[in-house]
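Below is one structure; the comments refer to it alone.
The values are calculated or read from the model by the stated rules, or taken from the named source; none is laboratory data. Remember, predicted model here, so these are calculated numbers, not experimental data. With ideal geometry, Cβ positions are generated from the backbone for all residues, glycine too; neighbour counts draw on all protein chains shown.
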């Protein structure tokens with residue numbers, strides 16, 4: 001057994017607002033963080049809503065930034081600041097917020113539920129977000145889409161034909177499992193942040209990127225649970241109000257992009 | 001504030017061995033789990049070590065599997081079974097094991113360190129493992145490398161020229177940050193599982209896949225901290241014994257593959 005780490009960081013003050021640091025102008029990975037905060041009605045600030053939001057992000061990811069005594073520098077947004085804690089990586093931020101916002105079981109010695117929720121959220125983020133981005137940038141993020149259009153067509157075709165059914169089928173199976181419990185949710189019969197991730201990644205973003213393909217896929221009737229979950233999240237009063245507000249960023253040149261030539265006809 | 005989840009899962013028995021369920025024949029993502037268990041000297045079983053290991057993995061990811069009342073079915077290995085808990089997704093398994101094995105701060109109300117370690121591990125897994133895999137499968141995992149060789153050359157060239165320096169430079173900066181503390185480690189002056197991930201993903205796997213490029217990169221002297229961390233992990237007595245044992249799987253047709261035409265000359 002390795003020795004137990006002795007260095008302890010100080011407890012962060014929890015009497016302050018959450019601060020989301022993310023690019024303005026697209027929903028992106030920051031959107032998952034927003035959905036949790038909005039569903040919970042939490043107070044937060046968002047650099048996407050301020051005039052020099054881009055500058056705030058750049059300051060954090062500047063390659064001269066060495067962080068502080070508690071926090072290493074982040075590599076990329078989204079970044080969450082809460083008191084003296086500064087963390088990055090989407091699933092990590094969700095893990096921090098979920099139990100605090102009542103959207104996941106508390107992390108404790110006698111409840112392992114958080115690892116189930118974290119696992120489901122990671123699966124949704126992994127398979128359907130990173131890969132969706134790769135449909136328009138299969139070769140490199142350093143080149144424009146236009147310079148890798150032919151490779152993108154191949155990648156998108158494979159994504160729609162093979163990857164989407166794999167992930168949709170998987171989550172449909174999770175929704176049918178006993179562990180999902182009653183109601184439309186993935187785990188334990190209650191709304192968790194894994195449901196919010198699935199809403200955004202698996203359905204909403206894809207409906208924007210590949211509208212024709214998603215319409216056909218919904219029409220097959222093979223993924224009724226998944227689309228019911230989508231509707232259930234969309235109908236939550238706070239989410240509904242949020243989606244209609246100007247706090248919701250419009251899809252643009254981010255993870256999900258709508259190029260008609262990459263969609264089905 | 002959303003209502004607090006009421007469903008609670010039972011506490012898993014912790015008096016049993018860990019069971020790692022992963023493909024035999026390659027280190028892959030299962031390797032991170034092994035490195036934690038080995039460094040901690042924990043008791044575990046590994047399907048890579050048994051005769052019908054492949055069958056054990058397939059049974060878990062069978063698309064008829066609906067899990068049980070506590071656990072939804074997993075999508076893919078690595079999978080960890082511990083008592084009645086069954087979880088998947090590499091960073092999730094590491095999050096579960098890390099604090100238990102003394103390789104991360106305990107998750108508690110007055111210590112946020114786990115979110116720092118989890119964030120660093122996610123960054124290492126994200127940038128250098130998923131992308132490394134894409135260098136030989138940029139278009140689709142559904143085709144052989146030979147069928148996407150030209151695209152692979154473009155992707156590998158970009159990976160070595162742009163992505164490696166970005167991630168290496170980032171971790172070098174983390175190692176220079178005040179939060180890393182004394183000694184060769186990423187965070188808090190002690191060995192955490194983020195160091196083990198970095199060892200495997202960022203250096204060991206890449207040394208196998210792109211030996212020429214890595215030799216040149218080490219020679220620049222720009223990443224002294226990173227290569228010192230690599231050596232420090234490699235020199236840990238239990239890791240050393242493990243790497244020399246037959247419990248360590250050899251590199252093969254996994255994330256890290258050695259195709260000379262994708263390396264530098």
Quiz item: For the stretch A:160-181, how many residues meet the condition of being at pLDDT below 90 and at the interface with chain B (Cβ under 7 Å from one of its Cβ atoms)?
Solution: 1
Practice problem: Check residue B:214 against each of (1) without any contact (Cβ under 8 Å) to a residue 12 or more places away in the chain; (2) over 30 Å from residue B:146 (Cα atoms) and name the one condition it does not meet. | Solution: (2)
Quiz item: Can you name the strands (runs of 3 or more DSSP E) wholly within the stretch B:31-101 that have at least 2 residues being at positive phi?
Solution: none
Practice problem: Pull up the stretch A:97-108, narrow it to residues that are surrounded by fewer than 24 Cβ atoms within 10 Å (Cβ to Cβ) and within 7 Å of chain B (Cβ to nearest Cβ), then point me to the one that is nearest to residue B:120 (Cα to Cα). | Solution: A:107
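If the requirement is being surrounded by 21 or more Cβ atoms within 10 Å (Cβ to Cβ) and not in a helix (DSSP H, G or I), which of these qualifies: B:230, B:256? Can you show your working first?
Details: B:230 fails: not in a helix (DSSP H, G or I).
Being surrounded by 21 or more Cβ atoms within 10 Å (Cβ to Cβ) and not in a helix (DSSP H, G or I) holds for just one of B:230, B:256, which is B:256.
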Practice problem: Please list, ordered by first then second residue, the pairs with beta carbon atoms under 7 Å, 6 or more apart or interchain, first in the stretch A:137-159 and at the interface with chain B (Cβ under 7 Å from one of its Cβ atoms), second exposed (fewer than 15 other Cβ atoms within 10 Å of the Cβ) and modelled with pLDDT under 80. | Solution: A:158/B:142
Practice problem: Report the residue count in the stretch A:109-119 for those that are within 7 Å of another protein chain (Cβ to nearest Cβ) and touching a helix residue (DSSP H, G or I) at 6+ places or on another chain (Cβ under 6 Å). | Solution: 3
Exercise. Please indicate, with yes or no, whether at least one residue in the stretch B:72-95 is farther than 19 Å from residue B:46 by Cα, more than 8 Å from every other protein chain (Cβ to nearest Cβ) and out of contact with any strand residue (DSSP E or B) (no Cβ under 7 Å at 6 or more places or on another chain).
Key: no
